[in-house]
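Trainee: Quick one: the structure is below, and I'll ask about it shortly.
The values are calculated or read from the model by the stated rules, or taken from the named source; none is laboratory data. If you're wondering where the values come from, they're calculated on a predicted model, not measured in any experiment. Here Cβ is always computed from backbone atoms with ideal geometry, including for glycine, and neighbour counts include all displayed protein chains. Surface areas here come from the heavy atoms of the whole protein model, side chains and all, with no ligands, DNA or RNA. Shrake-Rupley method; radii C 1.70, N 1.55, O 1.52, S 1.80 Å.
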Amino acid sequence: MKFEPTLESVSQHKIPAWYDDAKLGIFIHWSLFFVPAYASIDGRDIMSMNKEGGMSYMMQRNPYAEWYLNTLRIEGSPTKAYHEQKYGKDFSYFSFQKEFEERSQKADFNEWAKFFAECGAKYSVLVTKHHDGYCLWPSKYKNPFDSAYQCPRDLVGQWSQAIRSQGMKVGLYYSGILDWTFKEYPLDGEKGFLKHSIASRQYAKYATNHIYELIERYQPSILWNDIGYPGGVNLNQIFADYYNAIPEGVVNNRWSQTELPEGLSGEELDRIVEKQGGLTPEMNLFGSRTHYDFATPEYMAVDAIQEKKFESTRGVGLSFGFNQNETEKEMLSSEELIHMFVDIVSKNGNLLIDVGPTADGVIPEMQRKPLRALGQWLHLNGEAIFGTRPWERPSSKTQKGQEVRYTSRGDALYATILDSHVDREVVIRDLHIPDSARINLLGFAGEVSHTTDAGNLKLVLPKEDKGQLAYTLRIV
């Protein structure tokens with residue numbers, strides 16, 4: 001169908017089967033911020049810090065290395081102290097551009113893509129412009145404050161080609177509302193968040209030109225906007241044009257718009273911010289007042305099956321970008337990653353898990369390790385993940401209290417026990433199946449003997465040393 005630039009029309013767009021089937025994507029944050037590669041850490045993820053300490057506290061100690069420029073602008077921040085000691089008070093963040101462009105020449109995108117495919121990923125999303133405003137492609141729409149503030153090498157194009165060569169779909173991220181080259185004061189709390197959500201007409205035109213350029217030049221299967229989008233722009237026009245160009249494309253939910261009159265004095269703006277109380281109501285990662293195909297909870301667990309498709313996103317560690325302060329202690333373990341992934345899929349979600357390469361384009365081994373284990377697990381258990389849909393309920397437990405997650409496809413029900421230590425005799429609570437059902441343990445030959453007693457499923461698993469981090473039963 002041909003989409004028109006109205007909410008009624010673009011809302012008719014359906015999630016394409018490829019995205020619903022894909023389940024796993026790899027997110028990539030990579031830009032100037034990986035030259036300093038610094039953020040403070042205190043062992044908590046960003047959502048926990050915000051909930052427990054408040055947004056101002058979290059912003060001053062932001063664990064996201066990709067927010068380096070903003071954190072650098074906040075007085076008293078660990079990043080500011082580090083920067084001044086390491087580089088000096090007069091060293092500008094923008095001076096990292098030259099070193100990044102030299103070191104990024106070493107990046108091997110074909111190696112990245114091959115690794116992502118081995119991990120089981122079906123798509124990948126690259127940050128093309130983060131909040132620092134640096135473009136990873138030579139755009140014809142130059143930054144009005146520095147026309148050379150973009151990469152002369154077409155990193156986006158070369159990366160896209162490598163990803164597609166491995167049979168994966170290409171997604172492109174763009175920071176729609178935040179661009180710290182247009183605002184020099186820091187985003188240091190809730191009130192600052194609203195101020196940064198107000199865009200000039202100049203920036204609205206600049207960002208929209210970039211969005212169309214990315215669509216036309218690279219034809220992304222996923223258009224992944226972040227934080228929000230300038231007010232005054234007809235998003236339905238963008239969505240309609242995108243869907244008409246790429247019918248099986250999808251857009252996320254982070255397109256909320258803050259509408260305020262231009263030309264406000266500082267005092268008038270402060271009064272509006274004070275009245276508003278900071279964050280706008282639509283800044284909700286599970287919903288938006290605009291059209292979207294999927295929601296994007298970040299460093300958040302989902303409690304139940306979602307009617308609307310969602311995509312959980314987070315880094316392998318506490319930062320999306322590479323942070324020199326992180327160790328394996330901050331990384332997800334292989335078991336944690338696999339269990340989290342199965343849980344997400346059981347509730348109608350995809351997982352977009354992020355890697356942060358160094359400025360030289362090296363994906364650190366401590367990030368690779370859990371992803372490699374996930375790929376190995378999927379080699380045996382992938383049929384319980386790819387192409388599946390949620391069952392009538394997402395979970396139950398074994399008699400020992402081990403978590404179980406369900407997925408389904410056709411006449412097959414998959415029950416994955418989220419534990420690396422499973423006894424030979426297992427009882428899954430509240431699972432009644434017909435006596436004629438056939439059960440197999442994925443990765444092992446032969447059928448699993450079973451009986452049903454008082455609504456519980458009793459199983460006798462194979463004797464072999466199984467050695468997996470989660471065990472999946474196929475019940476037909």
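Trainee: Helix 155-165 versus the longest principal axis of the chain: what angle, 0 to 90°, nearest 10, using Cα atoms?
Mentor: Once rounded, one gets 20 degrees.
Trainee: Also, I was wondering about something else. Just the C-alpha atoms of region 128-172: what Rg/Rh do they give, with Rh taken as the Kirkwood radius?
Mentor: Rg/Rh: 1.06.
Trainee: Please work out the average accessible area per residue across the chain, using the 1.4 Å probe convention, and give it in Å².
Mentor: Per residue, the chain has an accessible area of 41 Å².
Trainee: Oh, and also: Taking all protein chains as present, what is the carbon and sulfur share of the accessible area of region 1-87, in % to the nearest whole number, probe 1.4 Å?
Mentor: On region 1-87, the fraction of accessible area on carbon and sulfur atoms equals 49 percent.
Trainee: In degrees between 0 and 90, to the nearest 10, how far off the longest principal axis of the chain does helix 266-276 point, with axes built from Cα atoms?
Mentor: Between the helix axis and the principal axis of the chain, the angle is about 20 degrees.
Trainee: Follow-up. Which loop-located GluC sites (Glu not before Pro) does region 359-441 contain, where loop means any DSSP state but H, G, I, E or B and the Cβ has at most 12 other Cβ atoms within 10 Å? Intermediate values should be presented prior to the final figure.
Mentor: Details: sites: 365, 383, 392, 403, 425; in loops: 392.
Passing sites in region 359-441 are 392.
Trainee: About the Cα centre of the chain, how large is the charge dipole given +1 on each Lys and Arg Cβ and -1 on each Asp and Glu Cβ? Please answer in debye to the nearest 20.
Mentor: About 500 debye.
Trainee: Magnitude of the Cβ-charge dipole of region 1-70, K/R +1 and D/E -1, about the Cα centre, nearest 20 debye?
Mentor: Values: 6 positive and 8 negative charges, 16 e Å.
With only Lys, Arg, Asp and Glu charged at Cβ, the dipole is about 80 debye.
Trainee: Any idea what the relative contact order of the chain is, in percent, if you count C-alpha pairs under 8 Å spaced at least 6 apart?
Mentor: About 17 percent, as a whole number.
Trainee: Principal axis lengths of the chain from Cα atoms, whole Å, largest first?
Mentor: So the three principal-axis extents are 73, 52, 46 Å.
Trainee: Using Cα-Cα distances under 8 Å and only pairs 6 or more residues apart, what relative contact order does region 130-210 have, in percent?
Mentor: 32 percent
Trainee: What net charge do the residues around residue 406 carry, taking every other residue with its C-beta under 9 Å from that of residue 406, with Lys and Arg at +1 and Asp and Glu at -1?
Mentor: Value of the local net charge: +1.
Trainee: Assuming 0.36 nm per residue, please report the length gained on full extension of the stretch residue 2 to residue 328 beyond their Cα-Cα distance.
Mentor: Value of the extension gain: 112.4 nm.
Trainee: What list of ³J(HN,Hα) values in whole Hz, one per residue of region 223-229 in order, does the Karplus curve 6.51 cos²θ - 1.76 cosθ + 1.60 (θ = phi - 60°) give from phi, with Gly and Pro shown as x?
Mentor: So the Karplus estimates, Gly and Pro as x, are 10, 10, 8, 10, 6, x, 9 Hz.
Trainee: Would you please name the GluC sites (Glu not before Pro) within region 302-352 that are DSSP coil residues with at most 10 other C-beta atoms within 10 Å of their C-beta?
Mentor: 307
Trainee: While we're on this one: Leaving ligands and nucleic acids out of the surface, order 254, 289, 103 by accessible area at 1.4 Å, largest first.
Mentor: So the residues, ranked largest to smallest area, are 289, 103, 254.
Trainee: Next question. Using only the alpha-carbon atoms, how far is helix 334-346 inclined from the longest principal axis of the chain? Give it as 0 to 90 degrees, nearest 10.
Mentor: Result, in degrees: 90.
Trainee: Given the pairs 23/129; 98/369; 122/309; 23/309, which span a C-alpha to C-alpha distance of over 21 angstrom in this model?
Mentor: 23/129; 98/369, as the Cα separations exceed 21 Å there.
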